[in-house]
Amino acid sequence: MTKRADELRNIHGRHLAGDPTASADLFRTVHRAVGATIYRQHRGMGLSWDDALDLSTDAIVAYLSAPARYDPTRSSLATYLVMIARGDALNLVTSRINKKKSHSRFVELTVVERNEGVDTDFSRLDAERVVREHGAEIIREHGDEAVLRLFLSGEDSTEEYARALGASDLSEDEQRQLVKQRRDRIEKRLQRLGRKL
Amino acid sequence: MAGDEHTSAGLRRALARLTYNDAFVASAYQDVSGSRVDLEQIAERLATDLNTAVQVGLCRRPWASRPGFATDTAKIAMHAGVRPDDLMDLLREAESLRAFRVGSSSRDGLLAAARDHHKGGPEGTDVQ
C-alpha cells in the first residue's frame with residue numbers, strides 16, 4: 001500500500017472518530033490530485049482548471065458529510081473521490097452543452113424572426129414557440145404579448161403596433177413615443193433572456 | 001500546475017467555496033468578516049500566516065453552543081500551531097455575530113408583523 005493510501009485510511013478513521021482536523025488533512029492530501037485527474041479527463045470537453053478544483057472541493061465535502069457511504073474494502077478514498085467528482089463533471093459539462101444549445105436556438109429564433117425575407121408561416125410558428133417557452137419572462141403587462149408577436153414577426157409599422165396597443169386614437173407623435181417605449185422594453189427583456197439562456 | 005504555490009492557491013479557492021458551509025471553520029471567517037472574507041485579517045487575528053489560516057478554515061467548525069467546543073478548538077489550534085485562545089475568541093465572536101444577525105432579522109420580522117397587525121393585518125384587513 002502506498003504512503004498516500006495509508007495516510008487516507010488514517011484520515012478516514014480520524015474523521016469517523018470525530019477529529020475536527022481530519023477534513024483539513026484530507027484537503028491537503030488529495031484536493032489537488034483529484035482536481036488534476038478530473039481536469040485531465042475532461043478538459044477536452046471544456047472543463048477549466050478552476051472547475052476541476054471546485055469539483056474536487058465538492059466531492060470532498062460530499063464524502064465528509066456522509067463518510068459511512070465510503071467502503072474502504074472496495075476502493076481507495078482517492079478513487080472514491082474521483083468517482084464522485086467525475087459524475088459531477090459530466091453533469092456540469094452536459095448542463096453547459098444544453099445551455100449553449102438553448103442559447104443558440106434562442107438567438108437563431110430572434111435573429112431569424114427579424115429577417116424580412118423569412119417565410120411568414122415559419123415566422124408565426126417560431127413566434128409561437130418563443131411566446132410559449134419564454135412568455136412568462138417577457139410578458140408583464142397588457143399589450144406586451146401583442147408587441148412581442150409583432151416584433152418577432154419583423155413588423156416595423158408604428159401604426160400596427162399602435163393598433164395592437166389600442167392606441168390608434170393618439171396623435172402620430174404620441175403613437176411613435178408609446179410604440180418606441182414598449183418595443184424597447186420588449187427588446188431589452190429578450191436580450192436579457194438571451195444572455196440568461 | 002505543480003508546486004506549493006499552486007496547491008496553496010487551490011486550497012484558498014476551496015476555502016472560499018466553503019465560507020457558506022456551516023460545517024467548516026471557513027464559515028466562521030465569513031461571520032466575522034461580513035460580506036467578504038479578509039484572510040489576511042483572519043491570519044493576523046490568529047497570529048499566523050495565510051496558509052495556516054487556510055488550513056484552520058478547512059477544519060470542522062466547533063460551535064460554542066454545542067458540546068466539545070473547548071476540546072475541538074484546542075485540537076485544531078494544536079494541529080495548526082495557533083494559540084487556542086485566539087481561535088476560541090474568533091469562533092465565539094463569529095457565533096455571537098451570527099446569533100445577533102439572525103436575532104435582528106427575526107426582530108425586524110416581528111416588528112413588521114406588529115406594524116401590520118396594528119394597521120389591521122398585512123392586507124389591511126382585520127385579523128379574526
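The values are calculated or read from the model by the stated rules, or taken from the named source; none is laboratory data. What you see is a predicted model, and the numbers here were worked out from it, not measured in a lab. Please note: Cβ atoms are built from the backbone with ideal geometry, for glycine as well, and neighbour counts cover all protein chains shown. All accessible areas refer to the heavy atoms of the entire protein, side chains included, with ligands and DNA or RNA removed. Shrake-Rupley method; radii C 1.70, N 1.55, O 1.52, S 1.80 Å.
Numbers for the structure displayed
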quantity: Test: A:R14 is within 12 Å of chain B (Cβ to nearest Cβ), at pLDDT below 95 and surrounded by fewer than 22 Cβ atoms within 10 Å (Cβ to Cβ); calculated: no
quantity: Single residue of A:G117, A:G44, A:G87 found to be modelled with pLDDT under 95 and under 30 Å from A:R183 (Cα atoms); calculated: A:G117
quantity: Condition check for A:A127: at pLDDT below 75, in contact with a Ser or Thr (Cβ under 9 Å, 6 or more places away or on another chain), in a helix (DSSP H, G or I) and not assigned by TED's automatic domain parsing to the domain that holds A:G46; calculated: yes
quantity: Cβ-Cβ under 8 Å pairs, at least 6 apart or on other chains, region A:51-71 side in contact (Cβ under 8 Å) with a residue 12 or more places away in the chain and closer than 18 Å to A:T21 by Cα, far side of a type in the set (G, A, S) and not in a helix (DSSP H, G or I); calculated: A:L64/B:A23
quantity: Selection count where residues are more than 8 Å from chain B (Cβ to nearest Cβ), acidic (D, E) and closer than 22 Å to B:C59 by Cα, scope region A:21-54; calculated: 1
quantity: Residue check for A:T29: within 25 Å of the chain's Cα centre (by Cα) and either assigned by TED's automatic domain parsing to the domain that holds A:G13 or part of a helix (DSSP H, G or I) (or both); calculated: no
quantity: Any hit, region B:3-23, residues being of a type in the set (S, T, Y) and crowded, with 22+ Cβ neighbours inside 10 Å; calculated: no
quantity: Residue within region B:57-65 that is among the charged types (D, E, K, R), part of a loop (DSSP other than H, G, I, E, B) and within 11 Å of another protein chain (Cβ to nearest Cβ) present; calculated: yes
quantity: Verdict on A:R182 being of a type in the set (K, R), modelled with pLDDT of 85 or more and open to solvent by less than 70 Å² (accessible area, probe 1.4 Å); calculated: yes
quantity: Answer from A:T37, A:T73, A:T2 - the residue that is of a type in the set (V, I, T), out of contact with any strand residue (DSSP E or B) (no Cβ under 7 Å at 6 or more places or on another chain), at pLDDT 95 or above and farther than 22 Å from B:A26 by Cβ; calculated: A:T37
quantity: Matching residues, region B:50-96, being in contact (Cβ under 8 Å) with a residue 24 or more places away in the chain and hydroxyl-bearing (S, T, Y); calculated: B:T52, B:S65
quantity: Among residues of region A:44-86, those that are of a type in the set (G, A, S) and surrounded by 13 or more Cβ atoms within 10 Å (Cβ to Cβ), counted; calculated: 8
quantity: Tally, over region B:17-45, of residues that are within 14 Å of another protein chain (Cβ to nearest Cβ) and hydrophobic (A, V, I, L, M, F, W, C); calculated: 6
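Conditions (1) part of a helix (DSSP H, G or I); (2) of a type in the set (K, R); (3) touching a Ser or Thr at 6+ places or on another chain (Cβ under 8 Å), marked per residue:
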position	(1), (2), (3)
A:R4	yes, yes, yes
A:E7	yes, no, yes
A:N10	yes, no, no
A:R14	yes, yes, yes
A:G18	no, no, no
A:G44	yes, no, no
A:D50	yes, no, no
A:L55	yes, no, no
A:V61	yes, no, no
